[in-house]
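The values are calculated or read from the model by the stated rules, or taken from the named source; none is laboratory data. All figures in this text were calculated on a predicted structure; none of them were measured in a lab. Using ideal geometry, Cβ is built from the backbone for each residue, glycine included, and neighbour counts are taken over all protein chains shown. Just so you know, the surface numbers come from the protein's heavy atoms only, side chains and all, with ligands and any DNA or RNA stripped out. Shrake-Rupley method; radii C 1.70, N 1.55, O 1.52, S 1.80 Å.
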Amino acid sequence: MSHKSDLGTLSVVVVGASGDLAKRKIFPALFALYCQGFLPAELTITGFARSHLSQEEFRARITEHLTCRYTPGEKDCAEKMETFLSHCHYVSGQYGSTDAFLDLFMHLQQFEPHSRTNRLFYLAIPPSVFLDVAKAIGSAGFVYCGETSPWSRVVVEKPFGEDRDSSDELVHELSLVFSEDQTFRIDHYLGKEVIQNLLVLRFANRIFEPLWTKEHIKSVQISWAEQLGVEGRGGYFDQYGIIRDVVQNHLLQILSLVAMEPPARHASGSIRKEKVSVLKSIRPAALEDMVLGQYTTAAEGASPRPGYTDDETVPDDSRTCTYAAALLHIDNPRWEGVPFLLRAGKALDRKTTEIKILFHDLDNCVFCGPEDCPHANELVIRVQPDEAIIFRIMSKVPGLELDMESRDLDLQYDTAFSELIPDAYEDLLLDVIQGEKSLFIGSQELAAAWDIFTPVLQAIDENGVRPLPYPFGSTGPSEAMDLAVKAGGVWRQ
Ligand code: BG6
């Protein structure tokens, strides 16, 4: 829950301010919070990056992506933007240089009215430099020891490490500067509106919880697809691949919210405890339960699109996966024997993130004849695009005959709610400012998530596994269908 309570004095430092993430997501989210009155009047926002930019250039750059969605009137919005930009400043310096951060410190002194300023550091920088930056922030004396007012907090973007060991090391090294309480590990999928609705759907409705077990649920499918390829981001992506970029974090986070036991309370400690517990019950992914792919040029006849290794930021002999499907099992009483199928791919035929809960067929149905056995129920939770929750039920078709058809109870967000759907970063940034941690990844959760994929990532490397080719704009490697069949079903479109 958000409260426009006493926010004190706030200084936000966005490290990596000239990058894409800062420009497209962080500054627009800060502006959205500003427009809605969630930021204090005593506010300083400082962009820090290596590029040399004048204040005007910096402000012009961030203005490009600010939107008027919360302040629709043209004049009002222009005024809001102007006052917001007057809080924004830019300082350039080398990442990892204590001197550069000391300069930043001096710069901030001009704007911080007193010493009780809360400080938020957003590290929107590549994983290779974030530890150096965190250490420089610590050495420059920015971090308060205490965890209450005034506070200092750091937001770090994924990926956190490349496997369990490197992640543990990162967690440890970062903890020498920022305590676990001060560290907010972001997974922006947790800020998405429909993902936040998962716990409400499960635990604020009486009907779902009794059905949410192996007795009633046959399988769960979580699908993530993007139409874009790597588009020049190969420098980052080729080092990580789709398992580390999407599956180990976004998809496992979704899975944990779908499969966790009810938390004792709606409080970050209780929620995290149950998420850790279910993640620890997931059997490590096995290579024989995975299908890995890499996109090639678009099929003949389709509009021409380059293959993954045609991208100039990707090495010609890259074996990095741009598609992965995995069959996972949860070894606990609720889910014993229920297959969880996850798939994620770039350069596919659609953009979508969907959760499908597939229920068992009816054991005994009074309507069952040789040809008219009812379809099993299905709950579809569409995270994006076109947010929706759809429950497929059997219904009698109006008329004099007894014909049955599968129909949808359909909650489409755009027609059901008049409210604007906030961007995930708006929600998450507000939570950082308010010190609310339930939508951030705790160190135990992180370790448990890496334990699921570290062995298979090692096996892929050690065996030199080559991903299967699939054409740009297709549905991915056809072998993924065999995986669904192995799990006793088919992928539901
Ligand atoms: C990021 C991944 O975490 O999520 C990207 O690194 C991916 O590869 C992006 O494109 C997708 O985010 P969204 O919010 O557009 O679904």
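For this structure, a couple of remarks:
- Qualifying position, being closer than 24 Å to Lys192 by Cβ and among the basic types (Lys, Arg), among Lys280, Lys214, Lys275: Lys275
- Close Cβ contacts (under 6 Å, 6 or more residues apart or on different chains) running from residues in region 25-47 that are more than 9 Å from His87 (Cβ to Cβ) to residues that are open to solvent by 20 Å² or more (accessible area, probe 1.4 Å) and in a helix (DSSP H, G or I) comprise Cys35/Lys80.
- Qualifying residue in region 384-392 (condition: under 25 Å from Ala487 (Cα atoms), out of contact with any Asp or Glu (no Cβ under 6 Å at 6 or more places or on another chain), modelled with pLDDT of 80 or more and open to solvent by 60 Å² or more (accessible area, probe 1.4 Å)): no
- Candidates are the residues of region 230-277 that are open to solvent by 10 Å² or more (accessible area, probe 1.4 Å) and of a type in the set (Lys, Arg); the one that is farthest from the ligand (Cβ to nearest atom) is Arg265.
- Among the residues of region 457-493, just one is under 22 Å from the mean Cα position of the chain (by Cα) and over 30 Å from Ser303 (Cβ atoms), namely Leu457.
- Residue in region 411-423 that is buried (at least 18 other Cβ atoms within 10 Å of the Cβ) and either touching a strand residue (DSSP E or B) at 6+ places or on another chain (Cβ under 9 Å) or not small (Gly, Ala, Ser) (or both) present: yes
- Any hit, region 351-358, residues being exposed (fewer than 11 other Cβ atoms within 10 Å of the Cβ), more than 30 Å from Gln36 (Cβ to Cβ) and not charged (D, E, K, R): no
- The condition of being within 30 Å of Ile271 (Cβ to Cβ), of a type outside the set (Gly, Ala, Ser), open to solvent by 70 Å² or more (accessible area, probe 1.4 Å) and part of a helix (DSSP H, G or I) does not hold for Asp427.
- A single entry from Glu226, Glu215 fulfils the requirement of being surrounded by 14 or more Cβ atoms within 10 Å (Cβ to Cβ) and of a type outside the set (Phe, Trp, Tyr): Glu226.
- Condition met for Lys192 (within 12 Å of the ligand (Cβ to nearest atom), among the basic types (Lys, Arg) and either open to solvent by 10 Å² or more (accessible area, probe 1.4 Å) or at negative phi (or both)): yes
- Region 430-458: number of residues that are of a type in the set (Ser, Thr, Tyr) and in a helix (DSSP H, G or I): 2
- Pick from region 135-145, criterion assigned to a loop (DSSP other than H, G, I, E, B) and open to solvent by 40 Å² or more (accessible area, probe 1.4 Å), ranking: nearest to the ligand (Cβ to nearest atom): Tyr144
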